[in-house]
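Report on the structure given below.
What follows draws every value from the coordinates through simple rules; no lab data is involved. Remember, predicted model here, so these are calculated numbers, not experimental data. Because the Cβ atoms are built from the backbone with ideal geometry, glycine has one as well, and the counts that use them run over all protein chains shown.
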Amino acid sequence: MDLPTLKPFFEDKPELLQEILDRYPPNGRRSALMPLMWEVQRAERHIGEARLHEIAEIVGVTVTEAKGVMSFYSTFHEHPVGRFHLQVCRTLSCKLAGGDELYRALVEETGLVSGETDAEGTFSLQNVECLGSCGTGPVLQVNDTYHERVTRTRLAELFAEMRAGREPVPTRERGGDNVSADKAERVDAPDGTSVDAPDGTSVDAPDGTSDEEGGVA
Ligand code: FES
């Protein structure tokens with residue numbers, strides 16, 4: 001099989017390669033498979049055939065074995081994804097919280113269906129199984145960031161950021177995504193001053209109610 005002629009990805013990254021290989025004992029080099037795949041994907045937004053051959057050779061597995069690992073995880077892509085890769089959870093808890101409606105809103109917004117990337121390479125859309133954040137559905141993952149309890153309003157905000165070329169700011173769980181990280185870092189003390197909230201706590205709205213519930217209606 002003829003493969004495209006590409007400079008090997010790790011040729012000019014010997015230190016990075018060594019650092020990854022050194023995480024594992026000499027007889028466990030195959031464990032470096034996924035970290036190496038991740039480095040390639042992070043740089044090229046997919047793992048092409050030539051890169052997979054290179055990585056398989058480095059760690060001493062067959063290309064078939066490497067492909068088997070790659071195809072098992074939806075996080076690895078055989079073809080380039082968009083600058084903003086949108087993964088929407090389709091598993092039960094998110095479905096009950098509005099996951100199907102979220103997916104339909106994404107289809108409307110992007111003109112894509114699951115598995116597609118737009119011609120400009122800006123957006124790609126993918127239905128995925130449980131993202132492990134079942135209590136804060138519906139969940140949308142944009143590149144490496146989770147956005148939870150996504151409402152239609154929040155979705156519009158996310159797209160405004162992305163269309164401006166910015167990565168949407170990660171937000172906190174509970175009240176979800178509807179409370180910005182900046183806001184969530186401070187709470188009002190009883191005497192009217194502001195104090196830092198302990199990590200992971202949430203913020204009540206000024207009227208004492210919690211923030212908007214998630215779901216794309
Ligand atoms: S069901 Fe959606 S994150 Fe688990």
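Things to note:
- For the range 14-72: rounded, prolate or oblate by the Cα gyration tensor [a/c cutoff 1.5]: oblate
- Residue-count net charge about Gln18 - beta-carbon cut-off 15 Å; Lys, Arg +1, Asp, Glu -1: -3
- Proximal charge balance of Val107 [Cβ under 11 Å; K/R count +1, D/E count -1]: -4
- Between the range 69-86 and the range 8-47, the Cα center-to-center distance that results, in Å: 17 Å
- With neighbour counts taken as other beta-carbon atoms within 10 Å, the residues Cys89, Cys134 rank, fewest first, as Cys134, Cys89.
- Among the chymotrypsin sites (Phe, Trp or Tyr not before Pro) in the range 44-153, those placed in a DSSP loop whose Cβ has at most 11 other Cβ atoms within 10 Å are Tyr73.
- Other residues with beta-carbon under 15 Å from the beta-carbon of Asp118 carry, at +1 per Lys or Arg and -1 per Asp or Glu, a net charge of -1.
- Panel order for Arg152, Arg45, by other beta carbons found within 10 Å of each beta carbon, from fewest to most: Arg152, Arg45.
- Sorted ascending by nearby beta carbons within 10 Å, beginning with the fewest, Val59, Val169 become Val169, Val59.
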